[in-house]
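Undergrad: Structure incoming, see below.
The values are calculated or read from the model by the stated rules, or taken from the named source; none is laboratory data. Owing to the predicted nature of the structure, the values given are computational and were not obtained by experimental measurement. Cβ atoms come from the backbone with ideal geometry, glycine included; neighbour counts cover every protein chain shown.
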Amino acid sequence: MSRIAFKTPELIDHWHQLHPTLLDVVRWMASEVWEPIIRQPYMTITSAIRDDGIHAWGRAVDVSLRDSRNNSLLPLARRTRAAALINGVWRYGKVNPTTGNEYEVCYHHKVGDSEWHYHIQVRDETGRRDGWR
Ligand SMILES: [Zn+2]
């Protein structure tokens, strides 16, 4: 189990306003995802509620993952593997009408000059693919 850190104190207040399924996913990530990929993960919530799309609704957080031993980012291949693991377990539950593809719970990306991060998003229909809650 890795700890969940918050980049700023305001994010702790945001945490209590987030969609309950989003809290489930992030807690699950802390306990299940990182351990096979990194021995001493350092997971930080870098952004939560902000005036930007799904973030405004308390249904998304941005998460950074570093190696606590040297505060470095993991190699891209391992970060990509973590994103695939998350999307393999969690289903967002909505199809993009334009592309016909399912939206994902986890997008591992870099937007503008932001750092690489995991954008984690949910909706009411989001759940585990195996139906377990
Ligand atoms: Zn985001």
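Undergrad: Restricting attention to the stretch 55-77, report how many residues are within 16 Å of the ligand (Cβ to nearest atom) and part of a helix (DSSP H, G or I).
TA: Final tally of qualifying residues: 3.
Undergrad: How about the stretch 113-122: which of its residues are out of contact with any helix residue (DSSP H, G or I) (no Cβ under 8 Å at 6 or more places or on another chain), outside any strand (DSSP E or B) and either within 14 Å of Gly58 (Cβ to Cβ) or not acidic (Asp, Glu) (or both)?
TA: Selection gives Ser114 alone.
Undergrad: Can you tell me which residue within the stretch 78-112, out of those that are within 19 Å of Pro20 (Cα to Cα) and in a helix (DSSP H, G or I), is farthest from the ligand (Cβ to nearest atom)?
TA: Val89
Undergrad: Checking Ile49 against (1) within 21 Å of Pro9 (Cα to Cα); (2) outside any loop (DSSP other than H, G, I, E, B); (3) of a type outside the set (D, E, K, R): exactly one of these is not met. Which one?
TA: The one condition Ile49 does not meet is (2).
Undergrad: Determine if the stretch 1-16 includes at least one residue that is among the polar types (S, T, N, Q), at pLDDT 90 or above, more than 23 Å from Arg128 (Cα to Cα) and surrounded by fewer than 17 Cβ atoms within 10 Å (Cβ to Cβ).
TA: The answer is yes, given that some residue of the stretch 1-16 is among the polar types (S, T, N, Q), at pLDDT 90 or above, more than 23 Å from Arg128 (Cα to Cα) and surrounded by fewer than 17 Cβ atoms within 10 Å (Cβ to Cβ).
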